[in-house]
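Only the coordinates and a few stated rules stand behind these numbers; no lab work does. Just so it is clear, the model here is predicted, and its values are computed rather than measured. FYI the Cβ positions are ideal-geometry reconstructions off the backbone, even for glycines, and counts take in every protein chain you see.
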Amino acid sequence: MHKLAQLDHQFVWHPFTQMRDWLKREPIVITSGKGAVLRDTQDKEYLDANSSIWTNLHGHAHPKINAAIQRQLKKISHSSALGFANEPASLLAAELARAANPGIHDSRFTIREQSRPGARHSKIVNRKLEKVFFSDDGSTAMEVALKLAYEFARRTGRSPRPKFLSLDGAYHGDTIGAVSAGHIDLFHKAYSGMLFKTDKVAAPYCYRCRFNQAKPERGDARDYRKCNFECLKLVEQKFAAQRKTKNPYAAMIVEPLMQGAAGMIAQPEGWLSGVAEIVRHDGAQLIADEVMTGFGRTGVREKLKTQNSKLKTSVFACHQENVHPDFLVLAKGLTGGYLPMAATLTTQKVFDAFLGEYDEFKTFFHGHSFTGNQLGSAAALASLEILQSEPSISARRKLQENFSAELQKLWVLPNVGDIRQVGLVAGIELVKNWETREPFPLGQRAGIRVCEAMARRGVLTRPIGNVIALMPPYCTTAKQIAKITSALGESVDEIFGI
């Protein structure tokens, strides 16, 4: 066993890992990376098929991000945001606000939010995300949103005891507030005594939805579903029931277009805009958790026209259904996958609720030592510049097409039940038999065994139960995409083949 692997076994406790299993075998120890390729201590190469746990955007060792960090290192690596401002964080906040409000550059703008099918009318709102609170990771960014929404509901008189609504299977992080907002018993049940109560409503899981009357087909369940959007009606019922308590919801928390850790559950078109309308009609706030879905991950769709007539592609999932939340929670890809950094964006209205005289103590009493870190900000600025460039947009569009074409080849496998793709992220759900949708018991470690077989073929990813997650860096070539999907197909055949 390599010396570094021995040190890992002796000292390191890995996240979301059964360490008894981990200690049975020599781990892959990554030493370097370039583009979509990782290299280990044995000098073996692997394709990074989940972007290093959903963080890396443009590939490893990107020259522009490397250069931006190196330039910043010559100036300063970090100074406190408590009582001081700094150059790259100020510039980054402005860029994030611009990206969060595509085509809008002044505080007077309004947005016409789409109505879902059957709704009576759309609604004009003023909801510009222009205030940015920096933190360290997705969990802490969600904590910021929850605290702000909670206190805003109290201070505005909406609710004396603010409550939150999120989706069944939701995962929003591992700090106490974020865990409270989540609903995955496997992760959260052990900490139930430490948590505050939040409500949940069924996710639009078309493949396993009790309202979907369609029989299994060889295609994405969203495309052949037979239902009447009963999942949206359940959301309406939740809000109506909570209003009757005279303590309406403060906010609803949603991962736009796709729930990540729930099992890559992709939402049918119109669900997100429908939920947004319900939330708006109730007067609650909408928290968009784009920790995973942000920064172009959900793909390139139609371009949005800006006031200066240039065409711009939105980098956030919620904009693909013309939804503009009250809170936008960002992390993972913010720095291009280089450094831990996060941001929570919100409105002037929320910001104003925390303004007052010093002795009124209306301050937002929350913060982090590395808030607005200069190195992270420099990396994020470089990443955003790359992301919004025409070459990057063109490359992502082509990658998305190649990805879709290669995923279609997996339908021939009898143990593939559903393939859910949204842009540059996909979940392949493994089942005992596609005609019955019968799942593998978790104890059989079906997803883990397939990922171990993929690693032997030079492709690295991590399962979510019985779902294989694929999320390639944006620099991944057509040949590399083909290798990723073929490795998955061969591995499924190896593990379950008769």
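Between LYS362 and GLN444, the contour length at 0.36 nm per residue exceeds the Cα-Cα span by 24.3 nm. Farthest toward the dipole's positive end in the chain, which of PRO340, PHE134, SER389, given Cβ charges of +1 (Lys, Arg) and -1 (Asp, Glu) about the Cα centre? Comparing the listed Cα positions along the dipole, SER389 ranks first.
Taking label points 7 Å from Cα along the Cα-to-Cβ direction, ARG437 and LEU355 give a separation of 5.1 nm. Figure legend: label point modelled 7 angstrom from the Cα of ARG161 along Cα→Cβ; residues of segment 188-209 with amide N under 19 Å from it are 193-200.
Between ARG218 and ARG301, 0.36 nm times their residue separation minus their Cα-Cα distance comes to what? Using 0.36 nm per residue and subtracting the Cα-Cα distance, I get 27.4 nm.
Between ARG20 and GLU494, what FRET efficiency follows from the Cβ-Cβ distance if R0 is 22 Å, with the result rounded to 0.05? For ARG20 and GLU494, the calculated efficiency is 0.35. Rounded to the nearest 500, the 222 nm mean residue ellipticity of the chain from helices alone is -10000 deg cm²/dmol, with -39,500 (n - 2.57) taken per DSSP H run of at least 4 residues. Derived scalar couplings between HN and Hα for segment 265-280 equal 8, 8, 8, x, 4, x, 5, 4, 5, x, 4, 4, 5, 4, 4, 5 Hz in order, rounded to whole Hz, by the Karplus curve 6.51 cos²θ - 1.76 cosθ + 1.60 (θ = phi - 60°), x for Gly and Pro. Segment 367-439 and segment 171-192 have their alpha-carbon centroids 24 Å apart. Count Lys and Arg as plus one, Asp and Glu as minus one, and take only other residues whose Cβ is under 15 Å from that of GLU360; the net charge is then -1. Look at ASP359, ASP21 and count the other Cβ atoms within 10 Å of each Cβ; fewest to most, that gives ASP359, ASP21. Approximating the spin labels as points 7 Å out from Cα along Cα→Cβ, the LYS64-to-ILE176 distance works out to 4.2 nm. Note on ASP43/GLN348: beta-carbon distance plugged into 1/(1 + (r/R0)^6) with R0 of 45 Å gives a FRET efficiency of 0.25.
The charge dipole of the chain, taken about its Cα centre with unit charges on the Cβ atoms of Lys, Arg (+1), Asp and Glu (-1) only, comes to about 780 debye. Using the Stokes-Einstein relation with a Kirkwood hydrodynamic radius computed over Cα pairs, the translational diffusion coefficient of the chain at 10 °C and a viscosity of 1.306 mPa s comes to 67 µm²/s. Relative contact order for segment 277-405: 24 percent, from Cα pairs under 8 Å spaced at least 6 residues apart, divided by residue count.
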